[in-house]
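Worksheet: the structure to be examined is printed underneath.
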Amino acid sequence: MAQPRILILGAPGAGKGTQSAKITEEFDVNHITTGDALRANKDMDISDMDTEYDTPREYMDQGELVPDEVVNAIVDEALNQADGFVLDGYPRNLEQAKELEDMTDLDVALYLDVSEEELIHRLTGRRMDPETGDIYHVEYNPPEDPEVEERLEQRDDDTEETVKERLRVFRENTEPVIEYYEDEGVLERVEGEQAPDEVWEDVKTTIEDAA
Ligand code: AP5
């Protein structure tokens, strides 16, 4: 099978990062994630792009979208270096979806469907290991090693107030993107509110059927 070109869509906390890690390993594709790329470059100077703020940090810490111009450039460069990929966190609005159409074809767009109540619970309980980048949850998926537990950090935008704003931004900007891919006939819905391994079984089968 040629390396698949996969889009993973879902609200903040739907499990895109968790499932992308498994997809990367199973299908030997690149994980392209705009969220991680922006977090690694939070303080880059974007003032020459005629943006409201001078760095991505201001947008991200408030739960707002970073301007398209910045994000499009990140994705374009990453796609140029990948044969197969799982693209996570992009596109987040219709303008980005149109931009992506000019950059690459897709085999499948997965949508992880999760209720808002569950999303808030997942995000406010999420913790990251700064040394490995592994994702945990204080209740659903705590680390076994006490040393790892000790060093876990909470993401700056996982506070309840910012999570609510991220969900509002998702409803306003990204839900139309889901309809767009549905109309294009490439959208596959996955029940994202099951246990991670059950979600993974459905994700894996859906990719195998589509690629
Ligand atoms: P980004 O990093 O993309 O964040 P997000 O879309 O808000 O998604 P998350 O990473 O929060 O959640 P996830 O779906 O990956 O869930 P996870 O697997 O971690 O974007 C951050 C910011 O960057 C944006 O707000 C914006 O400012 C900017 N940005 C990024 N892309 C942009 C773009 N294209 N344009 C403009 N701006 C952009 O899981 C969450 C938790 O739940 C974890 O604790 C996990 O352990 C747990 N969990 C996962 N699956 C399950 C399960 N099945 N059952 C129980 N718990 C589970």
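An ellipsoid equivalent to region 1-113, defined through the eigenvalues of its Cα gyration tensor, has semi-axes of 24, 15, 13 Å when rounded to whole angstrom and sorted largest first. FRET efficiency for the pair GLU161 and ASP113, taken as 1/(1 + (r/R0)^6) with r the Cβ-Cβ distance and R0 = 30 Å, rounds to 0.75. The calculated pair-distance distribution of the chain uses every alpha carbon pair, bins of 10 angstrom beginning at 0, and gives 8, 34, 40, 17, 2 percent.
Taking only the alpha carbons of region 106-211, we obtain Rg and Dmax values of 16.0, 48 Å in that order. Taking the DSSP beta bridges with both ends in the chain, the antiparallel portion is around 20 percent. For the listed peptides 139-151, 122-134, a ranking on the average number of other beta carbons within 10 Å per residue, highest first, reads 122-134, 139-151. Mean residue ellipticity at 222 nm, helices only, the chain: -13500 deg cm²/dmol; runs of at least 4 DSSP H residues each add -39,500 (n - 2.57), and the sum is divided by the number of residues. Relative to the Cα centre, the charge distribution of the chain, modelled as +1 at Lys and Arg Cβ and -1 at Asp and Glu Cβ, gives a dipole magnitude of about 80 debye.
Each reported figure results from applying straightforward, stated rules to the coordinates on display, with no laboratory input. Small disclaimer: the values here were computed from a predicted structure and weren't measured. Here Cβ is always computed from backbone atoms with ideal geometry, including for glycine, and neighbour counts include all displayed protein chains.
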